[in-house]
Amino acid sequence: MTLPKLALDTEILQNTKVGDDVYALTVHGGALVNQAQPGQFIHLQIPAENVFLRRPFGIADTDEGNGRLTMYYRVAGKGTRALTGLQHGDKVNCLGPLGNGFSLSSKRPLLVGGGMGLAPLLLLTKRFQGKADVLMGGRNQAELFWKDIFEPYAHEIFITTDDGSLGVRGFTTELLPELLGQRKYDCIYTCGPEIMMRGIAKIAVQHDIPCQVSLEKRMACGLGACLSCVCDTANGERKKICKDGPVFRAQDVFFAKKKGIL
Ligand SMILES: Cc1cc2nc3c(=O)[nH]c(=O)nc-3n(C[C@H](O)[C@H](O)[C@H](O)COP(=O)(O)OP(=O)(O)OC[C@H]3O[C@@H](n4cnc5c(N)ncnc54)[C@H](O)[C@@H]3O)c2cc1C
Ligand code: FES
């Protein structure tokens with residue numbers, strides 16, 4: 001059953017800086033909170049001059065008991081910059097939850113996130129209730145403030161940084177084959193820069209492990225009406241990331257049946 005999408009004027013409870021240019025935004029999410037699934041997103045109407053279109057953000061955390069919903073955002077441009085100025089008590093209109101999220105059927109999941117791609121993986125980690133291992137990558141230690149946030153919910157955490165300031169020096173794609181040689185996972189879930197997700201998906205195929213990827217593209221309506229977010233798929237069909245995704249099976253979007261990698 002498809003639940004109705006809600007557009008709610010939510011009250012901001014917290015808008016706190018948690019890293020270099022990264023903020024955690026918690027709102028009183030009302031009925032949005034109970035419907036939210038990991039991998040889905042919220043389309044935010046940011047109340048600022050010259051910010052007309054809504055902006056999409058992954059749902060990173062929910063607290064059903066207190067009706068709270070949290071997103072993490074990096075300051076990227078005028079919308080997110082304006083968002084940093086909102087305070088406790090201000091109102092922001094949230095449309096959602098939108099899109100199709102991750103499947104939760106895995107018994108032994110590995111989550112691989114790069115940078116802000118870790119945001120939607122937080123709710124996924126929580127829903128796996130201590131079963132999920134998390135491989136996180138970032139440029140440096142400061143970017144991986146996520147470690148402390150994930151720690152209470154993850155089974156085990158593995159870290160790579162480009163500069164070696166935390167965990168193993170290098171990329172998640174370099175550590176992954178080693179992890180797959182030592183541990184048995186039945187599904188890999190990934191979100192982050194596309195180049196990273198393509199690398200992760202390729203390794204997953206080589207190890208015959210199903211892989212789900214969360215895609216990102218600039219969006220306008222967020223509801224499947226404007227076609228601004230379409231992507232190619234393996235069978236030649238075009239899919240709308242906002243409505244058919246943002247989560248897809250890697251083989252459906254990264255691999256063409258005859259020609260190899262798209
Ligand atoms: C499904 C989905 C979930 C997302 N979840 C998060 C999240 O949890 N946290 C987070 O920080 N960001 C997330 N994003 C990206 C976020 O929506 C953009 O960073 C934001 O809309 C930028 O708005 P702005 O007005 O600040 O930037 P703008 O002024 O609109 O643009 C500034 C720069 O950011 C680039 N940009 C804008 N939108 C995107 C996009 N979708 N992908 C890549 N580059 C973009 C522009 O090309 C431009 O270079 C998500 C995007 C999608 C599609
Ligand atoms: S954003 Fe309009 S169709 Fe996806």
Return the pairs, sorted by first residue and then second, in which the second residue is among the hydroxyl-bearing types (Ser, Thr, Tyr) and more than 8 Å from ligand 1 (Cβ to nearest atom), the first residue lies in the stretch 210-235 and is farther than 16 Å from residue 96 by Cα, the beta carbons are less than 7 Å apart, and the residues are 6+ apart or on different chains.
-> 211/190; 212/103; 212/189; 213/190; 218/228
If residue 96 passes every condition in (1) at pLDDT below 95; (2) more than 18 Å from residue 122 (Cβ to Cβ); (3) part of a strand (DSSP E or B) but one, which one does it miss?
-> (2)
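Go through 90, 63 for me and flag whichever is closer than 23 Å to residue 19 by Cβ and free of Cβ contacts under 8 Å to residues at least 40 places away in the same chain.
On the way: 90 fails: free of Cβ contacts under 8 Å to residues at least 40 places away in the same chain.
It is 63.
Rundown of residues vs (1) away from ligand 2 (no atom under 15 Å from the Cβ); (2) surrounded by fewer than 19 Cβ atoms within 10 Å (Cβ to Cβ); (3) in contact (Cβ under 8 Å) with a residue 40 or more places away in the chain, yes/no style:
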site	(1), (2), (3)
45	no, yes, yes
49	yes, yes, no
74	yes, yes, yes
81	yes, yes, no
84	yes, yes, yes
94	yes, no, yes
100	no, yes, yes
110	yes, no, yes
Of (1) outside any loop (DSSP other than H, G, I, E, B); (2) surrounded by fewer than 24 Cβ atoms within 10 Å (Cβ to Cβ); (3) in contact with a Cys (Cβ under 6 Å, 6 or more places away or on another chain), residue 120 satisfies every one except (2)
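Within the stretch 216-226, can one find any residue that is outside any loop (DSSP other than H, G, I, E, B) and either within 16 Å of ligand 1 (Cβ to nearest atom) or more than 20 Å from the chain's Cα centre (by Cα) (or both)?
Kept after step one, since they are outside any loop (DSSP other than H, G, I, E, B), are these residues of the stretch 216-226: none.
No: the stretch 216-226 contains no residue that is outside any loop (DSSP other than H, G, I, E, B) and either within 16 Å of ligand 1 (Cβ to nearest atom) or more than 20 Å from the chain's Cα centre (by Cα) (or both).
Results for (1) out of contact with any Ser or Thr (no Cβ under 9 Å at 6 or more places or on another chain); (2) within 15 Å of ligand 2 (Cβ to nearest atom), shown as yes or no for each residue.
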site	(1), (2)
177	yes, no
181	yes, no
186	no, no
239	no, yes
250	no, no
Would you say residue 245 is touching a Leu at 6+ places or on another chain (Cβ under 7 Å), buried (at least 21 other Cβ atoms within 10 Å of the Cβ) and more than 28 Å from residue 107 (Cα to Cα)?
-> no
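The values are calculated or read from the model by the stated rules, or taken from the named source; none is laboratory data. The model shown is predicted, which means the values in this text are computed figures rather than measured ones. Methodologically, a virtual Cβ is constructed for each residue, glycine included, from the backbone with ideal geometry; neighbour enumeration extends over all protein chains shown.
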